[in-house]
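**Student:** Provided herewith is a single structure, encoded as structure tokens, for subsequent inquiry.
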Amino acid sequence: MMEFLKTNQLNFMLVMSSVCGTIAVFVMIAKALPFKRRMALLSLELTAMFLLYFDRLAYMFSGDPTPYGFVMVRVTNFLVFSLTLGVIISLNFYISDLLTTEGGLESAPKRLYISLALAIIGIILIVISQFTGLYYYFDEANRYHRGPGFLLCYVFPLITPLVQLTVIVQNRERFNKGIYRSLILFIFAPIVASVIQIFAYGLSLTNMAMVGMGIVVYVYAIIDVNQKIERSKKREMDILKEERKKMQHLFEETSTAFINALDDKGEYSKGHSVRVARYARKIAQACGKNEAECDEVYYSGLLHDVGKIGLPEELLKKDELTEEEKIKMKEKPVIGDRILSGITDFPRLRFGAKYAFEKYDGTGYPDQLKGEEIPEVGRIIAVANYYDRITSQKSDRSPYPQMVVREEFVKKAGNDFDPRFAGAMVSLIDEDSDYLMQNSDENYRNEPDKFVEANAYRSSVSKGILIENISTVIRFKCKKREDSPTGFSAPSIILFDSYDGRVHDAKKNIDVFGYLEYGEIFFDGHVICTAARSMDVKVTERTVHTEEEIQEQLDSSKIEKNKKAESFILNKMESEYEIYTGRIEDHAKIIVKTPEKVIEVVAALPNSSKYAYVGLTGEYCTLDDIAIEKTIEKAYDEIPRIAPYVQYTNRMQSDIPNIQVDSTRLVYTRGIPLEDSLQIKFHTMSLPSANLIWHCPYIIIFHSDDGLVNGKNYKEYAFIKMSGENEGKYDYSENSIEVTRGEEFVNWEDWEECNREGVECEAVFEKKGKTIITQAENNGIGIVNKTRLFEADDEVYVALTGDQVALTDIRI
């Protein structure tokens, strides 16, 4: 290794000297560096360049007997020894500048002045050496030899950097990490090289190490500058972004305040535009739009109703419009477009105002545009606008329930709305299991009521408590009131079903929410049976303590006299009640325990598909501390049947047994193996209780070890509703569905009616490797679904199920 260095060190010196010279040029033009630091680095690189250049010449002229060689060998050696300390002095200036400009020191540490003084003393000794031969001398052949004080010449290049090192280490927190590393390297690399050079005569390791570290110092200095520039740029960008956010926030607040002022003119339109903007952003995000596109959609949605400003105020305050008023209202998009067209920096902001009322099939207004002719922003806001309209309170109805809202978008996709954006809204609805997205007050949240204040009978009814096949216990306290005009005060129960689990009296709400009242249960033991097929009641009297017995118990417990009287009065006015509920198929059982009676009621529901809720109400009483406790235990082993089971499968049975599915995926056919191809034909009939378009047959493609849905090692590959939906997200496959409407399909209302009467359906399956193609047809709805399995299973099965449907005559 040493021989290699000796042989090639002149070449190394030339290369490193050239690099330092090039760096010096770069330093001169590096305006990003502070002036003093640029001068320190320039001094460092030039000194290093000349150090190696003259060191190389010293080797080249060594032993040259010519007069020119005689002079050059002495000059170059003098410069080499002097420039070595010159490099250290340049580093001194560099450290000083770093500490005083960026390190926060008012002046350079005194030790740097000491190191400078030591370097100057070293240079003086070099000058003295020229006349005394202290460090080196030359023989008759003009060759360099070490002098008696040679080791002394290493003292100053060693001690001076060590003094600098103490400064560097003490102030390490003031340096950039990269700068700190480069300074440590600059100190230690030459020291190590110097120690080696003492024993490796003929090599300039110290000088080359020093120059090499000088290059490293420059590299880290440039890296430091670049990092500062990047940080500066980032700060500037952050400031610009912050300013943009502030401007955007100001625009949003101003627009929102302006639009809210318009929306507030209508009792039931308050907050409408803000909600539409929020829903529109959600749809855009669900469709993969970037942040800028989502912002554009949001602000277009916020201003979509700006045309209201040109309409009469009395028109905006009305909820129901006449035909003439509806025509007048259709001027709103044109007015809004005219207002927003003046905002030239954001030309597409007007699209929401003008095109949100167009329909996908071309029957909208103002321009009767169709399909892709309608700008995308307008198609998105049309969906968001409709969602808010039907989920908001109106004068004649409550907000639509979630399942009805969902059905609206499924039905109107391709007619009123772009199927892509209507589908995105359906997905958002499916994800919104807690109904947090729609505009509802706290009364429409899912939390059960804790308190009911009843005046006239049914003036206030609690949210419905679902009757399930598991045991549910309802406990509450009832405080009777003395202000009843009839003198009657007692709680009671309403037994009912509705989409939102609430009691409805208004006719429009009864239709929208599918409200069906089975009957009423009064706590004196009598019932009113309405939509239930039958209700059976059994009343048992409970033992009631007399006033004397109560008083005797109070006396025995040694309670103060005034406490006794207070407790007695309270017990007369406030009583505790318990209600136990459960169901089996189409029969529900409710047990009411009052202080005086135990009332057992069995109700035969219209069929097993219907839900049943308990609503707590009463007459001039307060129900408080309502608590609901559900267990995982079965409510009843059996409930006495008071009406026959309603069955719709009494038709022809073919290859596999008929099934009646009373609620979503409650029952399945056995799995039918799918090898290469499979055809299934069957008869379907929606149950009388079916009233949503997905109350129809479903197809399940799956794998399990036993060929049963939800069996051992179950994997679901596809869940296809024969109304044209592929439900769910799959862990083991991916699906794409294409839905067409044939000539048989007239509209969804006729389609639902045909399914209630009963229709023939067909499904064909083809399996090729990991791909399964499903083709199905149901009364004009054509479905082609492609399922790609992530892994090939030995056995793939197909099963039929549905929701509120009877499947019969199943032929394979």
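**Student:** Which whole-number percentage describes the relative contact order of the chain, with Cα contacts under 8 Å and a sequence gap of 6 or more? Display every interim value, and only then the final one.
**Tutor:** Numbers: 1498 pairs, mean separation 63.9, N = 812.
Value for the chain: 8 percent.
**Student:** Pop out the carbon and sulfur fraction of the accessible area of the chain as a percent, whole number, probe 1.4 Å.
**Tutor:** Working: 21940 of 39910 Å².
Looking at the chain in its full context, I get 55 percent from C and S.
**Student:** Right, another one. Excluding P65 itself, what net charge comes from residues whose Cβ is under 12 Å from its Cβ, given Lys and Arg +1 and Asp and Glu -1? Mind dumping the intermediate values first?
**Tutor:** On the way: positive: R143; negative: D64, D139, E140.
Summing Lys/Arg as +1 and Asp/Glu as -1 gives -2.
**Student:** Compute the angle between helix 419-431 and the longest alpha-carbon principal axis of the chain, please, reported from 0 to 90 degrees and rounded to the nearest 10.
**Tutor:** 80
**Student:** A further question follows. Per residue and in cubic angstrom, what volume does the convex hull of the Cα atoms of the stretch 83-180 have? The partial results should precede the final answer.
**Tutor:** Numbers: hull volume 9.4 nm³, N = 98.
Residue-normalised Cα hull volume stands at 96 Å³.
**Student:** I've got another one for you. Report the far tail of the P(r) of the stretch 216-318, meaning the percent of Cα-Cα pairs longer than 22 Å.
**Tutor:** On the way: 2753 of 5253 pairs.
Result: 52 percent of Cα pairs exceed 22 Å.
**Student:** Using a probe radius of 1.4 Å on heavy atoms only, what accessible surface per residue do you get for the stretch 78-162? Whole Å² is fine.
**Tutor:** Details: 4000 Å² over 85 residues.
I get 47 Å² per residue for this part.
**Student:** Through the Karplus equation 6.51 cos²θ - 1.76 cosθ + 1.60, θ set to phi - 60°, convert the phi angles of the stretch 142-159 into ³J(HN,Hα) values in whole Hz; use x for Gly and Pro.
**Tutor:** Karplus-based 3J(HN,Hα) across the stretch 142-159 equals 6, 9, 6, 9, 5, x, x, x, 4, 4, 5, 5, 8, 4, 5, x, 8, 5 Hz.
**Student:** Hey, another quick one. Can you list which of the GluC sites (Glu not before Pro) found in the stretch 584-664 are DSSP loop residues with at most 11 other C-beta atoms within 10 Å?
**Tutor:** Working: sites: E585, E596, E600, E619, E629, E633, E638; in loops: E585, E596, E638.
Taking the stretch 584-664 and a limit of 11 other Cβ atoms within 10 Å, the loop GluC sites (Glu not before Pro) found are E638.
**Student:** A follow-up question, please. Take F150 and E373, extend 7 Å from each Cα along the Cα→Cβ direction, and tell me the distance between the two endpoints in nm.
**Tutor:** 9.9
**Student:** Something else now. I need the phi-derived Karplus couplings for the stretch 630-640: 6.51 cos²θ - 1.76 cosθ + 1.60, θ = phi - 60°, integer Hz, Gly and Pro marked x.
**Tutor:** Coupling constants for the stretch 630-640: 10, 10, 8, 7, 5, 5, 9, 5, 7, 10, x Hz.
**Student:** Report relative contact order for the stretch 275-349 in percent, whole number only (criteria: Cα-Cα under 8 Å, sequence separation at least 6). Walk me through the numbers before you get to the answer.
**Tutor:** On the way: 58 pairs, mean separation 24.1, N = 75.
That works out to 32 percent.
**Student:** Mind checking the stretch 88-191 for trypsin sites (Lys or Arg not before Pro) that DSSP puts in a loop (not H, G, I, E or B) and that have at most 16 other Cβ atoms within 10 Å?
**Tutor:** Values: sites: K110, R111, R143, R146, R172, R174, K177, R181; in loops: R143.
Passing both the DSSP loop test and the Cβ count: R143.
**Student:** Can I ask one more? Is the shape of the stretch 631-746 rounded, prolate or oblate, going by the alpha carbon gyration tensor and its root eigenvalues a ≥ b ≥ c, with a/c under 1.5 for rounded and a/b larger than b/c for prolate? Intermediate values should be presented prior to the final figure.
**Tutor:** Numbers: a/c = 1.65, a/b = 1.24, b/c = 1.33.
In terms of gyration-tensor shape, oblate.
**Student:** Moving on to the next point. Any chance you could list the semi-axes, whole Å, largest first, of the equivalent ellipsoid that the Cα gyration tensor gives for the stretch 300-348, using √(5λ)?
**Tutor:** Here the semi-axes work out to 24, 10, 8 Å.
**Student:** List the chymotrypsin sites (Phe, Trp or Tyr not before Pro) in the stretch 624-672 that DSSP assigns to loop (not H, G, I, E or B) and whose Cβ has at most 12 other Cβ atoms within 10 Å. Which are they? Please list the in-between numbers first.
**Tutor:** On the way: sites: Y636, Y645, Y648, Y668; in loops: Y636, Y645, Y648, Y668.
The qualifying sites are Y645.
**Student:** What is the Cα centroid distance between the stretch 282-318 and the stretch 477-513, reported in whole angstrom?
**Tutor:** The distance from the Cα centre of the stretch 282-318 to that of the stretch 477-513 comes to 39 Å.
**Student:** Oh, and also: Nearest 500 deg cm²/dmol is fine: what mean residue ellipticity at 222 nm does the chain get from its DSSP H runs of n ≥ 4 alone, each adding -39,500 (n - 2.57), divided by its residue count?
**Tutor:** Details: 20 runs with 342 residues, N = 812.
Helices in the chain give a 222 nm mean residue ellipticity of -14000 deg cm²/dmol.
**Student:** Round to the nearest 10 and give me the degree value, 0 to 90, for the angle of helix 272-286's Cα axis relative to the longest principal axis of the chain.
**Tutor:** In the chain, helix 272-286 runs at an angle near 60 degrees to the longest axis.
**Student:** Let me ask something else about it. Measure nothing fancy, just the Cα-based angle from helix 67-97's long axis to the longest principal axis of the chain, in degrees from 0 to 90, nearest 10.
**Tutor:** 30
The values are calculated or read from the model by the stated rules, or taken from the named source; none is laboratory data. Computed from a predicted model, the values in this text were never measured in an experiment. Positions of Cβ are backbone-derived with ideal geometry, glycine not excepted, and every protein chain shown enters the neighbour counts. Areas reflect the complete protein model, heavy atoms only, side chains present, ligands, DNA and RNA absent. Shrake-Rupley method; radii C 1.70, N 1.55, O 1.52, S 1.80 Å.
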